[in-house]
1. Calculate the mean, over all residues of peptide B:147-154, of how many other protein chain Cβ atoms lie within 10 angstrom of the residue's Cβ.
2. Strictly greater than 27 Å: what percent of every Cα pair in the stretch B:133-262 meets that?
3. Helix-only estimate, please: 222 nm mean residue ellipticity of the protein assembly as shown, summing -39500 (n - 2.57) across DSSP H runs of length 4 or more and dividing by its residues, to the nearest 500.
4. For chain A, what does the alpha-carbon gyration tensor say about shape, rounded, prolate or oblate, given a ≥ b ≥ c as the root eigenvalues, a/c under 1.5 as rounded, and a/b over b/c as prolate?
5. Along Cα→Cβ, 7 Å out, is where each label goes; now give me the distance between the ones at residue B:224 and residue A:88 in nm to one decimal.
6. Would you list the P(r) distribution for the stretch B:113-202, with all Cα-Cα distances sorted into 10 Å bins from 0 and each bin expressed as a whole %?
7. Give me the tail of P(r) for the stretch A:12-90 as a percent: Cα-Cα pairs with distance above 17 Å.
8. Work out the mean other chain Cβ neighbour count within 10 Å for the residues of A:65-75 and drop it here as an integer.
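No value in this document is a laboratory result; all are computed from the given coordinates. This one's a predicted model, so the numbers in the text were calculated from it and none came from an experiment. Every residue, glycine among them, receives a Cβ derived from its backbone with ideal geometry; neighbour counts consider all protein chains shown.
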């Protein structure tokens, strides 16, 4: 019997209702970066700009320290937090490496992709990855 | 009478748009991708659809968590490219077909698909990259576009079965439109990819190839695959693949596979392309 709980998928932060509720203001801060004027304001002073959004202190700290996994754990969604990554001039491979939870470099991440990507075997469920 | 003449499935990876915009298509990394899509460009050139219904998802560009619609239809006469954080893509404005889009919206709602009807929205890479894949860099897009946007970001997404049935309803809507318009329907997104978390970079080519086989010949067997199965096997962003079911549902039960191409990797994704026509 397969586990039908999406929390069982390792290294994956599914934007369900609970996650969305937790991350709403963090994600909406990221959303604001679609606007060029807002990007300039953030560049002028991050702490001041962040104060406009009622995030938790933990979320604010994760943004300021660019703790990408932290942002995901605190309710962030990749399509939203990627806007902050774009703001920093990062691409998806750099961000992928930074989120891997290891000291993987961008080059190593790119090499993994060129070799067919991260393997599904051993990455299907938390029980499997703990055993593997 | 309007008619659906073709179905196309394609990933909508933003890096493909960037490669076209910045003239990188002949570089070693990109050359096999653009060679691989060439037959579809020729096919589209010969088919010359008047209208493309493009089924895509918005990536926090026009819509946000502020209001989450499961199915959106764009009824405007024009849609402009969105600023996704880099400034808008320098591609032509997208011409809609407001009259036909309203007809489809009304028909879908009467058929119990309760659409969100949108008059003003920018469109992001989810819609513009498929256009670039099909038409390269024209001065103006050679077809009108009816955007059909699906929530694939907030869980739970619509089921693949719901998307499949929406496709069937779209076909009824198109075929009840009195003008002789030739319509192509484009399902976009996927194939397997995961952009987020410690599992970022996940690709599952075996799942994708098997999925494509079934989508073409046995969609009825594939349509009940669960969300969790897509999230687990195709990656958290691979669930975009459900949008190809809208395209598939709008076609005959039996279709002719005109062309199929996959290439791994394009950016962090297993790229997929599928061209279908009605009949066997």
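1. Neighbouring Cβ atoms belonging to other protein chains average 2 per residue here.
2. 23
3. After summing the helix terms and dividing by the residues of the protein assembly as shown, the value is -12000 deg cm²/dmol.
4. oblate
5. Once both label points are built, they end up 4.5 nm from each other.
6. All Cα pairs considered, the percentages come to 11, 37, 37, 13, 2, 0.
7. In whole percent, the long-distance tail amounts to 37.
8. That works out to 1 on average.
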